[in-house]
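The values are calculated or read from the model by the stated rules, or taken from the named source; none is laboratory data. Note that the structure is a prediction, hence the values are computed from the model and not measured. Please note: Cβ atoms are built from the backbone with ideal geometry, for glycine as well, and neighbour counts cover all protein chains shown. In case anyone asks, the SASA skips ligands and DNA or RNA and just uses the protein heavy atoms, side chains included. Shrake-Rupley method; radii C 1.70, N 1.55, O 1.52, S 1.80 Å.
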Amino acid sequence: MSRSVEEEIKINSDVVDLNCNGYDTFLVVSSVLFIVYLVVRAKKNFRRLFHGGSYILISYYALLWLVTLLNLAWSFLQTWQCSPGKQVAWNLLSLFTTSGMLCLEISLMAFLLKDNYMNAMEALAHTFIVSGIIVFVDILLKAIYVFGFGVPLFNNDVGSTDTIKWCLWIVHKLLLAAAYGFILFVHFSKWREKLPPRPAFYNYVVVMFVFSAVTLFACGLSGIGAGLGSWLYNLTVLCYHSLYLPFLYVTFLADFFQEEDFLLDNAYYSEMKDAGFFDAEWE
């Protein structure tokens with residue numbers, strides 16, 4: 001008979017305290033710095049959005065703010081996972097924070113897979129519906145396992161040998177890695193012209209594919225009880241919550257907030273030229 005979650009928390013209390021006090025500082029600092037950056041740029045970004053940005057881009061920017069605030073709270077309240085009395089609150093906060101970040105990921109992947117790049121921003125209206133359905137199903141399944149069956153999905157120290165927990169994460173990370181891998185496959189195939197001609201987006205996809213593969217590997221190791229797996233998985237969680245939102249902003253939104261349109265056009269032209277999209281004109 002396996003030990004209860006409460007027993008595992010008591011037995012591993014020293015390790016948990018060390019982990020909470022060891023990396024929450026970095027999470028808080030990175031989250032606060034990104035919030036400060038968004039606040040400093042807010043006036044200029046809002047002016048840009050309401051004088052030329054589509055309502056879809058406005059919605060995406062609002063979602064970024066919401067998820068960033070949730071992630072900031074998640075970073076500040078790391079010690080909740082060390083307190084048995086805060087487990088429900090911690091699970092709820094983790095559930096909505098990770099689901100919000102997943103919604104941003106799925107929406108961006110849907111953007112990359114649209115056929116017509118010129119209409120892609122407006123087409124995000126449809127991708128928000130798709131991503132919303134996927135995220136709703138994701139939240140529902142995680143809530144059933146966490147609150148219905150007591151699977152410690154969001155506690156990095158409790159349930160480290162829980163087979164169901166790691167099987168769920170393996171499926172989750174496998175689907176993400178497959179999605180990013182598919183985009184890379186299309187990029188190097190004859191259907192390349194169906195994707196947006198921006199190398200920065202493909203750099204993003206490469207990074208996320210590698211990250212998803214590493215996380216999948218970590219979950220697999222943890223599932224078989226390897227100590228390296230738990231350490232590597234905790235590291236990927238730290239990197240994801242600390243760096244993903246700034247990475248997403250720089251890759252996807254920063255160019256749209258340039259004050260002058262010609263700067264944006266020049267940036268796109270330079271990236272397309274570097275990628276070789278105009279080589280045929282010289283042949």
A178 meets each of (1) open to solvent by 50 Å² or more (accessible area, probe 1.4 Å); (2) within 30 Å of L49 (Cβ to Cβ) with one exception, condition (2)
Within segment 11-34, the residues that are at pLDDT below 50, surrounded by 13 or more Cβ atoms within 10 Å (Cβ to Cβ) and charged (D, E, K, R) are D17
query = Quick check: anything in segment 95-107 assigned to a helix (DSSP H, G or I) and more than 14 Å from the chain's Cα centre (by Cα)?
reply = no
Residue pairs qualifying under the 7 Å Cβ cut-off, at least six apart or on distinct chains, with the first in segment 201-222 being closer than 16 Å to L253 by Cβ and the second being open to solvent by 10 Å² or more (accessible area, probe 1.4 Å), are F201/T251; Y204/T251
Within segment 252-275, does at least one residue satisfy the condition of being at pLDDT 80 or above and open to solvent by 30 Å² or more (accessible area, probe 1.4 Å)?
no
Does segment 98-107 include one or more residues that are touching a Ser or Thr at 6+ places or on another chain (Cβ under 7 Å) and at pLDDT below 85? yes
Q: Inspect segment 35-46 for any residue being over 20 Å from K142 (Cα atoms), at pLDDT 90 or above, open to solvent by less than 60 Å² (accessible area, probe 1.4 Å) and part of a helix (DSSP H, G or I) and give the result as yes or no.
A: yes
Residues in segment 163-173: is at least one open to solvent by 70 Å² or more (accessible area, probe 1.4 Å), touching a residue at least 24 places away in the same chain (Cβ under 8 Å) and among the hydroxyl-bearing types (S, T, Y)?
yes
Flagged in segment 184-226 as open to solvent by 30 Å² or more (accessible area, probe 1.4 Å) and more than 21 Å from Y240 (Cβ to Cβ), in numbering order, are F185, F188, K190, W191, R192, E193, K194, P199, I224, G225
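Using the structure shown, decide if C239 is modelled with pLDDT of 90 or more, among the hydrophobic types (A, V, I, L, M, F, W, C) and buried (at least 18 other Cβ atoms within 10 Å of the Cβ).
Values: modelled with pLDDT of 90 or more: yes; among the hydrophobic types (A, V, I, L, M, F, W, C): yes; buried (at least 18 other Cβ atoms within 10 Å of the Cβ): no.
So C239 fails the test.
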